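A.B. asks: A single structure is presented below for examination.
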Amino acid sequence: MAEIPVGRCSHGHAVDQRAAVLRALSPVLDAVGRMNASADLTTSLQSVVEGIIEATGFGAGVIDYVRTDGTMEIVAVAGPPGAREALLGKEVPAGVLDHELELAQRWGRLRFLPHGTVTNDVPYVWTPDIPLPETPDGWHPDDCLLAPLYAGAGELIGVLSVDMPVNGRRPDAFQRQLLELLAGQAETALQNARRASRLRASEESFRLAFEATAVGMGMISLDHRGPLRLLQANRALGRIAEAAGHEPVGVLSDLLDPSDPDHDPDHWGRAIRSAPAGVYRAEKQLRGGSGERPWVQVVATVLPLHTTETGRAIVQVEDITERRHRAASDPLTGLANRARLDDGVTAAIEAVRAGAPPGALLFCDLDDFKSINDVFGHLAGDAVLRACAGRLAAQVRTGDSVFRMGGDEFAIVLRAVPPGELDPLVDRIKKMVAGPIDHEGRRLAVTMSVGAAVIDGSVCSVDGLLAAADSAMYADKRRPV
């Protein structure tokens, strides 16, 4: 700390003066410490202004604080009871302090407003009850000494003002330097308090968004001692977990289908930690609850290590079951589309390899469908496609799947077809589709050609099976009726 001048006085008097100043400084520094520790701002500022006027020899002091929304309010008043009653909690009109600071005399970082410099048109006025000065250096009741408080970028964050000097005179060099020193302490503490206030506001905004969003969100641990442990989760994530039959959530990987390799938290944790640019994205199927196993999109953003003591990530979990269903469904018929056929065939092949009875893939094509569109129009053609799709879906057994390939082509994956039942099943499907279809007073007749390829241990690939079923369908189409 720079040495504070004490003027021309005896050594003993200087020591006494410094001791008195140090005693007065103690409550100021304590209050500043509380502000830096994020204690209540208003209470701490009150302690600051009380300590400052005691240390500097003034009888009244005020602190105006610029809040984060830009308004300026008198938040601390020390001195006579009348001053506190007249000023505390009042808002300073916009531009008043800027005007005063512009007109004031510059005393270092302080600004002195001698009486008669400005006339403020404000709804509240307090004038100290002191006599008029009898000497040029005497303090006038309308004099005011200000210490503007700035943030690092020159942003005004508050103003300290003092009045009613105990000795009745304008401050000397010692008082000014001491006031500048204490104003600097208050300025630093206010900056810290302002940053803390903005941080709290930001955290509160994040908390509200975190809880209100329809997307599941949580904070997970990436620490090897407890990878993917949920440290925090919002209500939306709880609903997703409940749909998966797993509520409450403890470890994120517990939600996954057990067949997923990432069901192992160590495995999934390593994948998230090693994601490019610290952002992991994947679509995952969850455990089955009371109904369909939901699909979710998982986005995990790894937090920088300097922001946490251990590895953590913010995870977003969005239910995309309906989106996947729409993307994989034919909008006209509601059947699964071509994109899902490969999955259906692959699952049937894997089931046979695992010991299930042989199945079959059926390729179905409506005969002479083009003539229906040409003669009766595309609306009639759409009606035929919807009717045929419904009839096919009604004929298959539980576990079988029907797909619309596009145009007038359909495919059916049959699971576990008993020996000798494939041909009768194909005939039954063809007869069911061949029934008349009513559309706008007309009865439309359609027939269907069907080709079958057996799914057994000899199947080598999905493409080979599809080609075999397609070839059999064209052979059926060429067969005489």
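A.B. asks: Check whether at least one residue in segment 390-397 is under 20 Å from residue 329 (Cβ atoms), in contact with a Cys (Cβ under 8 Å, 6 or more places away or on another chain), in the same structural domain as residue 339 (by TED's automatic domain parsing) and at pLDDT 90 or above, and report yes or no. Steps first, answer last, please.
C.D. replies: Of segment 390-397, the ones under 20 Å from residue 329 (Cβ atoms) are 390-396.
Next cut, in contact with a Cys (Cβ under 8 Å, 6 or more places away or on another chain) only: 392.
Within this subset, residues satisfying the condition of being in the same structural domain as residue 339 (by TED's automatic domain parsing) are 392.
Now drop any that are not at pLDDT 90 or above, which leaves 392.
The answer is yes, given that some residue of segment 390-397 is under 20 Å from residue 329 (Cβ atoms), in contact with a Cys (Cβ under 8 Å, 6 or more places away or on another chain), in the same structural domain as residue 339 (by TED's automatic domain parsing) and at pLDDT 90 or above.
A.B. asks: Here's another thing I want to ask about it. Given the structure, is residue 306 of a type outside the set (Asp, Glu), modelled with pLDDT under 80, surrounded by fewer than 18 Cβ atoms within 10 Å (Cβ to Cβ) and touching a strand residue (DSSP E or B) at 6+ places or on another chain (Cβ under 9 Å)?
C.D. replies: no
A.B. asks: With the checklist (1) surrounded by fewer than 13 Cβ atoms within 10 Å (Cβ to Cβ); (2) part of a loop (DSSP other than H, G, I, E, B) in hand, flag the one item residue 206 doesn't pass.
C.D. replies: Tallying (1) surrounded by fewer than 13 Cβ atoms within 10 Å (Cβ to Cβ); (2) part of a loop (DSSP other than H, G, I, E, B), residue 206 fails exactly one: (2).
A.B. asks: Name the single residue, out of those in segment 209-220 being outside any loop (DSSP other than H, G, I, E, B) and either within 9 Å of the chain's Cα centre (by Cα) or of a type outside the set (Gly, Ala, Ser) (or both), that is nearest to residue 235 (Cα to Cα).
C.D. replies: This residue is 211.
A.B. asks: Now a separate question. If you check 261, 358, 294, 331, which single one turns out to be under 28 Å from residue 416 (Cα atoms) and exposed (fewer than 15 other Cβ atoms within 10 Å of the Cβ)?
C.D. replies: 261
A.B. asks: Sticking with this one: Kindly evaluate residue 385 against the criterion of being part of a strand (DSSP E or B) and over 30 Å from residue 243 (Cα atoms).
C.D. replies: Judged against the criteria, residue 385 is not a match.
A.B. asks: When you go through 223, 142, 163 one by one, which is the residue that is in a strand (DSSP E or B), of a type in the set (D, E, K, R) and either assigned by TED's automatic domain parsing to the domain that holds residue 294 or under 20 Å from residue 117 (Cβ atoms) (or both)?
C.D. replies: Only one candidate passes the filter, namely 163.
A.B. asks: For segment 393-409, enumerate the residues that are part of a helix (DSSP H, G or I) and more than 19 Å from residue 342 (Cα to Cα). First the steps, then the outcome.
C.D. replies: Step one: list which residues in segment 393-409 are part of a helix (DSSP H, G or I), which gives 393-395.
Result: 394, 395.
A.B. asks: Are there strands (runs of 3 or more DSSP E) fully within segment 59-115 with at least 3 residues that are surrounded by 13 or more Cβ atoms within 10 Å (Cβ to Cβ) and within 42 Å of the chain's Cα centre (by Cα)? List them. Spell out the reasoning first.
C.D. replies: Details: elements: 72-78, 105-107, 110-113.
So the answer is 72-78.
A.B. asks: Do we find that residue 154 is free of Cβ contacts under 8 Å to residues at least 12 places away in the same chain, exposed (fewer than 15 other Cβ atoms within 10 Å of the Cβ) and in the same structural domain as residue 55 (by TED's automatic domain parsing) in this structure?
C.D. replies: In short, yes.
A.B. asks: Which residue out of 323, 281, 293 is among the basic types (Lys, Arg) and part of a loop (DSSP other than H, G, I, E, B)?
C.D. replies: 293
Per-residue answers, yes or no, for (1) of a type in the set (A, V, I, L, M); (2) in a helix (DSSP H, G or I); (3) within 20 Å of residue 330 (Cβ to Cβ):
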position	(1), (2), (3)
411	yes, no, yes
423	no, yes, no
429	yes, yes, yes
452	yes, no, no
475	yes, yes, no
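A.B. asks: While we're looking at this one, here's another question. If I ask for residues that are at pLDDT 80 or above, out of contact with any strand residue (DSSP E or B) (no Cβ under 7 Å at 6 or more places or on another chain) and on the phi > 0 side of the Ramachandran plot, which ones from segment 236-283 would you list?
C.D. replies: Once the filter is applied, which keeps residues that are at pLDDT 80 or above, out of contact with any strand residue (DSSP E or B) (no Cβ under 7 Å at 6 or more places or on another chain) and on the phi > 0 side of the Ramachandran plot, segment 236-283 yields only 277.
A.B. asks: With the structure loaded, tell me whether residue 471 is assigned to a helix (DSSP H, G or I) and either of a type in the set (Asp, Glu) or at pLDDT 90 or above (or both) or whether it fails that test.
C.D. replies: For residue 471, the condition - assigned to a helix (DSSP H, G or I) and either of a type in the set (Asp, Glu) or at pLDDT 90 or above (or both) - is met.
The values are calculated or read from the model by the stated rules, or taken from the named source; none is laboratory data. These numbers come from a predicted model, not from an experiment. Note that we place each Cβ from the backbone using ideal geometry, even for glycine, and neighbour counts take in every protein chain shown.
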